[in-house]
1. Taking every DSSP beta bridge with both residues inside the protein assembly as shown, roughly what % is antiparallel (nearest 5)?
2. Grab the DSSP H runs of chain A that are 4 residues or longer, score each as -39,500 (n - 2.57), total them, divide by all residues and round the 222 nm result to the nearest 500 deg cm²/dmol.
3. Would you kindly derive the ³J(HN,Hα) couplings of region A:13-25 from the backbone phi angles with the Karplus curve 6.51 cos²θ - 1.76 cosθ + 1.60 (θ = phi - 60°), listing them in order in whole Hz, with x for Gly and Pro?
4. Placing unit charges on C-beta atoms (Lys and Arg positive, Asp and Glu negative, everything else neutral), compute the dipole magnitude of region A:92-133 about its Cα centre in debye, rounded to 20.
5. Using +1 on the beta carbon of Lys and Arg, -1 on that of Asp and Glu, and nothing else charged, what's the dipole of region B:529-613 about the Cα centre, debye to 20?
6. Between copies, how close do the A:Asp243 label points come, placed 7 Å along Cα→Cβ, listed in nm from shortest?
7. Quick one: which residues, 5+ away or cross-chain, put their amide H under 5 Å from the amide H of A:Ala218? H built at 1.01 Å from N.
8. Starting from the Cα of A:Asp313, step 7 Å along the direction of its Cβ; do the same at A:Leu223; then give the gap between the two resulting points in nm.
Number of protein chains: 2
Amino acid sequence: MTDTTARIDLAFEPSGKQVRVPPGVSIFDAASWNGIAIDSTCGGHGTCKKCRVQVTSGSVPASRHDSRAFTQEQIDDGWRLACLANATCNLRIDVPPMTTRPKAATVGVGRQVILRPSIVKRYLELADPSLSDQRSDIQRILDGITDLTEHYDPAMLRGLPAALRTSDWKVTAVVVDDRLVAVEPGDTTSRLFGIAFDLGTTTVVATLLDLSTGTPAAVASMLNKQQPFGADVISRISAVMLDPSALGKLQDLAHQTMQELAMEACEEAGVDPVEIYEISVAGNATMVHLALGIDPESLGVAPFIMTSQSFDDALAADFGVAIHPRGRAVVFPALGAYVGGDIIAGALASGMDRDKRLRLFIDIGTNCEIVLGDGNRMIATAAPAGPAFEAASIRCGMRAAPGAIEVVQITDNFDVVCGVIGDVPAVGLCGSGLVDAVAELARVGIIDGSGRFVSAEEASAIAPALASRLTDADGLRLFELATEAETGSDPVHLSQRDVRELQFAKAAISTGWQLLLEEFGAQPEDLQQVLLAGSFGTYLSAKNAIRIGLVPRLPVLRIVSAGNVAGEGAKMVLLSGPERHGANALLREIEYLELSDRTDFNDRFVDELAFPG
Amino acid sequence: MTDTTARIDLAFEPSGKQVRVPPGVSIFDAASWNGIAIDSTCGGHGTCKKCRVQVTSGSVPASRHDSRAFTQEQIDDGWRLACLANATCNLRIDVPPMTTRPKAATVGVGRQVILRPSIVKRYLELADPSLSDQRSDIQRILDGITDLTEHYDPAMLRGLPAALRTSDWKVTAVVVDDRLVAVEPGDTTSRLFGIAFDLGTTTVVATLLDLSTGTPAAVASMLNKQQPFGADVISRISAVMLDPSALGKLQDLAHQTMQELAMEACEEAGVDPVEIYEISVAGNATMVHLALGIDPESLGVAPFIMTSQSFDDALAADFGVAIHPRGRAVVFPALGAYVGGDIIAGALASGMDRDKRLRLFIDIGTNCEIVLGDGNRMIATAAPAGPAFEAASIRCGMRAAPGAIEVVQITDNFDVVCGVIGDVPAVGLCGSGLVDAVAELARVGIIDGSGRFVSAEEASAIAPALASRLTDADGLRLFELATEAETGSDPVHLSQRDVRELQFAKAAISTGWQLLLEEFGAQPEDLQQVLLAGSFGTYLSAKNAIRIGLVPRLPVLRIVSAGNVAGEGAKMVLLSGPERHGANALLREIEYLELSDRTDFNDRFVDELAFPG
């Protein structure tokens, strides 16, 4: 194992930027990650020889390509091709001025990404073959793109004779990474697209990106068609364990979901699917295993083993997405069975590896993933929160859809005011409404510190208006959040069991981040930011999350909703090859803490069940 | 273009062997090609670190892997991993004694091939996973084969969880080149197979090889099912030009041919096709293009352009051969549209690049390929011989099948004695019989130096027995080789037009080798060996080939039938990864002379029509 905590310092001139990166990263990637643009056309494969930099302090061994790009004197003076110069110690690096200004886009949590898509197009007007120039068709093209690549996909040869001869030898070469994958007749260089997938257990989102501008050309989303097999990953894994034929069905449903979204986005943007050469996929380990048709059983039972952490050479076709037949799929690697590619994507989009503040990243769901980092060290864990936040096990629970109570406030007059999604009467309670309801009732004292509803007498002493909402049914205490008069149908209740469910969930999560902080040797008050990822994080009230102890007791402005960071990460890797390397670096860098293995987890968990005083 | 004529000298100690190789070849390959065994388990990918040699004179830059395998002092002393040390100047190399003696097999024209198949199997007994060892399934395997590879085929992940768990974590890793392609339950290391295909225009031969011993386990052959589309490559290309749907049909027929042969060989050897991970294919450019479904039109018309010279990453499935689904196809590269992979395979099997004698390699067919070399320089061309040798355009012509006259002798008593294939009466005349008939009639004077049948009077003066066989029919002179009495049916004739056809064919070929000799600055009498490749070469009488001027006038022992060298080359690349590199080196090394481009070709051709005095 490499020492994942070691980092090195790189100082870039003339920008004066100082960055800390894991050892072994190329100077080109390190610069790109930090918004420092270095000339390049090949995207970092040592072929274009444009990414020339001078190492003025510290040393980097010369690569084989350096001896072709530089004189021995230049090499002795520290000149290197940045894409092949792997930094292993502290360096000072002079970056020559750019010949062209590269474009950049703002993605993720304020991340400025230099546009360096792995897909590069080059228009070529080739010489006709003759008896004195009998180069093969493929060689004729490769000779026109020597600065991009010398490799090609053999499957592309089939259409090649026609593409060249119908276009009068005027074609566009399509290079993905360091491989020629297609030759399109005519000049198609202005059309450069990719589709970023956020492959969620509940919702799947496809963003069709114009890679030449960094802007979305279309966005489509729908519920994951696997839903009939269960709301969470465990129920889908169980489905496969009970019936092996379910694996094929779940794979098909994932493919259908992704394919329908891709076609919808293409139609909206006026893009022919065969023009698309790359998709990216951010999903948890179970979603990725199922989509690839790999039995997920070992993810679901201890010791929680993945078949693979990475899926480096996947094709879009492996995900059932019918773009160009040789189109690739960039799949985010997974740290563990329960800290999947979606979290690596989120950590990338949140800049967990470069922000120097001590930050906590929490993605709340049935399984809650937590990452703690200070730009130097990162550590992650997964906490089994259970289904409370998806409101699946909640008496009046429902998804955050029209009719769901998403905000609950108790006024100074002890009125219960509910915010309902959509312009409709309340139907049920979603996750953020649950947190609000419990937090507000705990604040006014209707729920005590242990999570128990107080007695009718105690409630009356607080406020008769609230006491009147407390009832018993089948031996279970209920609090009426929305009355029959308000709903025009059944009332919406919060039950004692609902409160318990929330307590279990928040205790699992807070035990998780407490153990991470301990491991890090930090205190909760040291945290400078808490990022709440995912759609749930968007709607959660920071104040109430603090109140129930779901997040550390910090000034409320330090609790930030990060939005759909997994989807943002998926966009980033399409826009930038170096960011893709960044995602793989995160896999090596983030330490993983397995909670099932901790003997102290249960004790800590019980301690965390109560609400903070 | 690299200077293909430059060569360097390597001296190996303690064997004392001196070899000349093209610059840029690895020391490991150079040694292997010359029967000098160097330790290795990974087959030359820098992972096993066993191929340690010491360069004692001359210098080789250290590779990245050398710094891991050796101390700085050792590197300074010239120690290198032979597989990554590319020789670019004359070197003296010390090879340490082997820890195990590698097997070797004799293949091709006396070539001793060290068995280093690209397929390597390793039996593993893995530790069960646990909460304290949560490595992914694939990582657990990769950790057990770090000396072989760190890469894997992503498609293999699908079957991996079951393979590991049904076999109690006792499995065999299958590595092809530098990639893990499969994991088989249990210990299957003793089963290591490959199929070598000689994909001929007329006949296709499949040899199932046991790669652990180098011996054939089964051989199967049949006529190429593409035959109904024409006997030669031009007629098959024309078929596609006339009807684009013919391409798909021809591809299917090639696939059917190869698949039937593969299954027949598997059944005979008792090998399950999924146990086979690799095939090799030696075929001419048209056969390979058609089998891969690539339009061959541009091969058939000037300036004779290939879609690609190489097909490096092809799969057996691309040839319709249903072995292991991820099984590869090693395809011989082609030098030109008419000097295809079959000739590169033949040149490899004949050792054209290492035999220091001046040798001429001739593969006679409708298209005749000729290679001239002295182990230092090689030059090749293709001569349009036409269909005479396949006897397609010959009046009584037939394939070399039962009933074909394959030998013709005129005795001292002027009896005409015909050797017929099979224990049956003569039906027709095959190529070698045609050569014999014309050569014998020229010898006795019935055919004059210009190729004309002499007059009845002149014939009678030579021998009345021969004169009586000369007749005229429809204004065409005929010579009766086999009478009605002998055939029990129609007589077998040689016509004046047949003689002309043979003259055209032999003139094209002799013009070809004469121009090569001129290009080389050598005289015919300098030739120390003429290799006649292919089945036709096997049956041709060397004496008569000389007599008609098909081959240079040399002592008859210098004319050697080389047999099916294309098929032998196909076997060699399955038995040895270094030989595969050798085939690719030949592609770069052999110079190509295009005859269509020579203004002097027609004049020379006319000069060559006559029979030598």
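Nothing in this text is a laboratory measurement; each read-out follows from the coordinates by a stated rule. Please read these numbers as outputs of a predicted model, since none were measured by experiment. Note that each Cβ is placed from the backbone with ideal geometry, even for glycine, and that neighbours are counted across all protein chains shown.
1. Values: 146 of 208 bridges.
Close to 70 percent.
2. My calculation for chain A gives -8500 deg cm²/dmol from helical runs alone.
3. 10, x, 5, x, 6, 10, 10, 10, 9, x, x, x, 6
4. Here region A:92-133 has a charge dipole of around 500 debye.
5. 460
6. 4.9
7. A:Leu208
8. Each label point is offset 7 Å from its Cα along the Cβ direction, giving 3.9 nm.
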